[in-house]
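Working notes, structure below.
The values are calculated or read from the model by the stated rules, or taken from the named source; none is laboratory data. Just so we're clear, the structure is a prediction, and the values are computed from it rather than from any experiment. Here the Cβ positions follow ideal geometry from the backbone for every residue, glycine too, while neighbour counts run over all protein chains shown. Side chains included, ligands, DNA and RNA excluded: accessible areas come from the protein's heavy atoms. Shrake-Rupley method; radii C 1.70, N 1.55, O 1.52, S 1.80 Å.
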Amino acid sequence: MEGVPEHLRDDGAEDGASDEALEEALASLRGDLEAAKQDALYARAETQNVRRRMEKDVQDARNYAATGFARDVLSVADNLARALDAIPAEQREDEKLKGFIAGIEATQRELEKVFHQNGITRIAAKGMPLDPNQHQAMMEIPTDEVDPGTIVQEMQAGYMIKDRLLRPAMVGVAKKPD
């Protein structure tokens, strides 16, 4: 036992107090080890939670980055639809205007295609029951033709981007006549 300090040497003598102190120290170290294991588990779980949150934030940013731009472009789609609706039937048959009208219709189809490619879909409205999560009731229309609460008129189309509301549909809802 050369080189070992005197107070650390075990002479083979049984010292009850020393064994008891060793057991206490060992129990204390085991407790510290368990606490360190728990801390490591909590830290690992927190790291996984942060990673999952970041992945979700990145995915949301990818999915919904164009939301502001999409809202702005909806007014273009509305104006194209209004332009086509405003053309009287007799002018649609006029040979001088057929190419112009076909160009507006082609532009509208292309815009709808781009919307579809970017996960922007039109909300179904007319004939559907009012859903306050997707429709904004602008007026009530007295009628016996459909059940109250059914949408009978669409003033402005509503749109979703992926699974989020981009713009609610502005609608007229049936009510019982007075």
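Some points to look at:
- Given charges at Cβ of Lys, Arg, Asp, Glu: the chain dipole, positive-most of Ala77, Pro132, Leu8: Ala77
- For segment 34-178, the tally of Lys pairs with Cα-Cα distances below 20 Å comes to 4, considering only residues 8 or more apart or on different chains.
- The figure for Glu110 is an accessible area of roughly 100 square angstrom, using a 1.4 Å probe on the protein chains alone.
- The magnitude of the dipole of the chain, with charges of +1 and -1 set on the Cβ of Lys/Arg and Asp/Glu and taken from the Cα centre, is near 2000 debye.
- When the P(r) of segment 73-142 is calculated, the portion above 17 Å amounts to 59% of the C-alpha pairs.
- What a 1.4 Å probe finds exposed on the chain is 53% carbon and sulfur by accessible area, rounded to a whole percent.
- The listed peptides 165-175, 38-48, 77-87, 128-138, ordered by packing as a protection proxy, come out as 165-175, 128-138, 77-87, 38-48 (highest mean of other Cβ atoms within 10 Å first).
- Here the Karplus curve 6.51 cos²θ - 1.76 cosθ + 1.60, taken at θ = phi - 60°, turns the phi angles of segment 97-109 into couplings of 9, 4, x, 4, 5, 4, x, 5, 5, 5, 5, 5, 4 Hz, with x standing for Gly and Pro.
- Cα pair count fraction exceeding 24 Å, expressed as % - segment 60-178: 41
- 11 Å reach of a label modelled at Leu97, 7 Å along Cα-to-Cβ, counting backbone N of segment 41-85: 84-85
- Value of [θ]222 nm, deg cm²/dmol, for the chain, DSSP H segments ≥ 4, -39500 (n - 2.57) each, nearest 500: -19000 deg cm²/dmol
- Between helix 16-64 and the chain there is an angle of about 10 degrees, using the helix long axis and the longest principal axis of the Cα atoms.
- Of all DSSP beta bridges confined to segment 41-178, the antiparallel ones make up roughly 60%.
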